[in-house]
Amino acid sequence: MEQTKKEKDQLWEWGKALFIAIAVAGIVRFFLFAPIVVDGESMNPTLKNGNRMLVNKIGYTIGKPDRNDIVVFHTTQGKDYIKRVIGVPGDHIAYENDQLYINGKAQDEPYLSSIKKQQSFVGGTLTEDFTLEQLTEMEVIPEGYVFVLGDNRRKSTDSRIFGLVPLDEMIGSTNYVFWPLKEMGFVE
């Protein structure tokens, strides 16, 4: 009889521990971090098709995206996309001769260095010329929106196609690859 009570107590303790572990994992997954898989080539060379990453879901509930953040967001096509924030509210965006201009000032894009070298061998530009006005009929990005581009500009569906991204469609930011192991680490 004594043994049975002890076994029931142990079983109860294990059950509580398992329930708490599942609850904590659910809270972390739902509110704080979520895994995502890179689908496609649009963020090459920074991210590769099949990379598995962690999305920080809490960051944009207390802050806003900054230029150059890699973000995950919902689209009207019912998919989640991973792109880089190029412009934030109040910015004017233009591309001319493969050079990004924000508010009239040329910007460095070090994350494009290797792909621009590859493109120079093939010929042509990595990013076709455009202005924010041509794409959106707006002079500056309004409050509550960002302008995003994929790093692989020739093979990316981004703000040049679907327009500005509303901040309320943001899932979060991502900059940590956890799989494959040989690529594990932070990306810029």
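The values are calculated or read from the model by the stated rules, or taken from the named source; none is laboratory data. Since the model is a prediction, treat every value here as computed from it, not as a measurement. Cβ coordinates were reconstructed from backbone atoms using ideal geometry, including for glycine residues, and neighbour counts include every protein chain displayed. When the accessible area is computed, the model is the full protein with side chains, heavy atoms only, and any ligands, DNA or RNA have been set aside. Shrake-Rupley method; radii C 1.70, N 1.55, O 1.52, S 1.80 Å.
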State whether one or more residues within the stretch 85-93 are over 20 Å from GLY150 (Cα atoms) and modelled with pLDDT under 85. no
Within the stretch 60-74, tally of residues that are assigned to a loop (DSSP other than H, G, I, E, B) and in contact (Cβ under 8 Å) with a residue 60 or more places away in the chain: 4
Which residues, taken from the stretch 113-135, are crowded, with 19+ Cβ neighbours inside 10 Å and either assigned to a helix (DSSP H, G or I) or among the small types (Gly, Ala, Ser) (or both)? LEU132
Checking LYS57, LYS105 in turn, the sole residue that is without any contact (Cβ under 8 Å) to a residue 40 or more places away in the chain and open to solvent by 40 Å² or more (accessible area, probe 1.4 Å) turns out to be LYS105
Considering only the stretch 138-188, state which residues are in a strand (DSSP E or B), open to solvent by 30 Å² or more (accessible area, probe 1.4 Å) and not hydroxyl-bearing (Ser, Thr, Tyr). PRO166, ILE171, ASN175, PHE178, TRP179, PHE186
Select from the stretch 75-101 the residues that are open to solvent by less than 30 Å² (accessible area, probe 1.4 Å) and in a strand (DSSP E or B) and list them in ascending order. ILE82, LYS83, ARG84, VAL85, ILE86, GLY87, ILE93, ALA94, TYR95, LEU100
Here is a list of conditions, (1) outside any strand (DSSP E or B); (2) closer than 22 Å to LEU164 by Cβ; (3) not β-branched (Val, Ile, Thr), and PRO45 meets all of them except one; can you say which number that is? (2)
